[in-house]
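The values are calculated or read from the model by the stated rules, or taken from the named source; none is laboratory data. Values in this document were obtained by computation on a predicted structure and should not be read as measured data. Ideal geometry is used to build each Cβ from the backbone, glycine not excepted, and the neighbour counts take in all protein chains shown. Remember, those area values only see protein heavy atoms, side chains included, never the ligands or the DNA or RNA. Shrake-Rupley method; radii C 1.70, N 1.55, O 1.52, S 1.80 Å.
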Amino acid sequence: MRIFFLLFAVMIPMVFSAQYLLPNEETIFSFDTKNGKKMALVKDNNNGYIQYRFGSKDLVEMEFPTTRTKESWKQFTYNSYHRGGGKQNAGMDLNYLTFTNNNYKYVLFRTYYAEDESLSTGITVTDSKGKETNITGIYKSIKGCMCNLDDTEVKKEDFGL
């Protein structure tokens, strides 16, 4: 009876925790936020779709797009810029993924600047009136790399730098 109780106690959190990664998916990029939320950008193992997920540990509060189809790749735009050379060359590594949902523009970002060795990640949400909300990510919690989007069907946009 005791073993059954222990097994049950271990299984409850597994049943009620949110599913940020389904069995047929892999993580492209994810991180935890300073306000206790989680962001996950995932794709089907066979590149059938890409999907953004955001929410608490126990509940996925937003999925974009809501349908998991091949067309989902066209709803995201990826831009990146990389300059090596360290501090003396003002080296940087900039990665941004944007999408629009219900008149809100979402920008996922991961940046590194060699001059001050600053690292940052997060989400900037802009409403239709231009008001921005910044959701700060915890850099050390990052899993994956947006750089892996280079070899996918997501739209690419040049920075023009």
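So the values come out like this:
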{"quantity": "Evaluation of Leu94 against (1) open to solvent by 30 Å² or more (accessible area, probe 1.4 Å); (2) in contact (Cβ under 8 Å) with a residue 40 or more places away in the chain; (3) under 20 Å from Val125 (Cβ atoms) (one fails), failing number", "calculated": "(1)"}
{"quantity": "Residue in segment 74-89 that is touching a helix residue (DSSP H, G or I) at 6+ places or on another chain (Cβ under 7 Å) and among the basic types (Lys, Arg) present", "calculated": "yes"}
{"quantity": "Asn35, sole failed condition from (1) assigned to a loop (DSSP other than H, G, I, E, B); (2) surrounded by fewer than 18 Cβ atoms within 10 Å (Cβ to Cβ); (3) in contact with a Phe, Trp or Tyr (Cβ under 8 Å, 6 or more places away or on another chain)", "calculated": "(3)"}
{"quantity": "Residue list for segment 43-60, filter: part of a loop (DSSP other than H, G, I, E, B), out of contact with any Ser or Thr (no Cβ under 8 Å at 6 or more places or on another chain) and of a type outside the set (Gly, Ala, Ser)", "calculated": "Asn45, Asn46, Leu59"}
{"quantity": "Segment 97-121, residues that are under 21 Å from Lys131 (Cβ atoms) and either free of Cβ contacts under 8 Å to residues at least 40 places away in the same chain or of a type in the set (D, E, K, R) (or both)", "calculated": "Thr98, Thr100, Asn101, Asn102, Asn103, Tyr104, Lys105, Val107, Phe109, Ser120"}
{"quantity": "Entirely in segment 61-152, the strands (runs of 3 or more DSSP E) that have 3 or more residues that are under 27 Å from Asn47 (Cβ atoms) and within 12 Å of the chain's Cα centre (by Cα)", "calculated": "92-101, 104-113, 118-126"}
{"quantity": "Unique match (being more than 18 Å from Thr121 (Cβ to Cβ) and either assigned to a strand (DSSP E or B) or at pLDDT below 90 (or both)) among Ala18, Ala40", "calculated": "Ala18"}
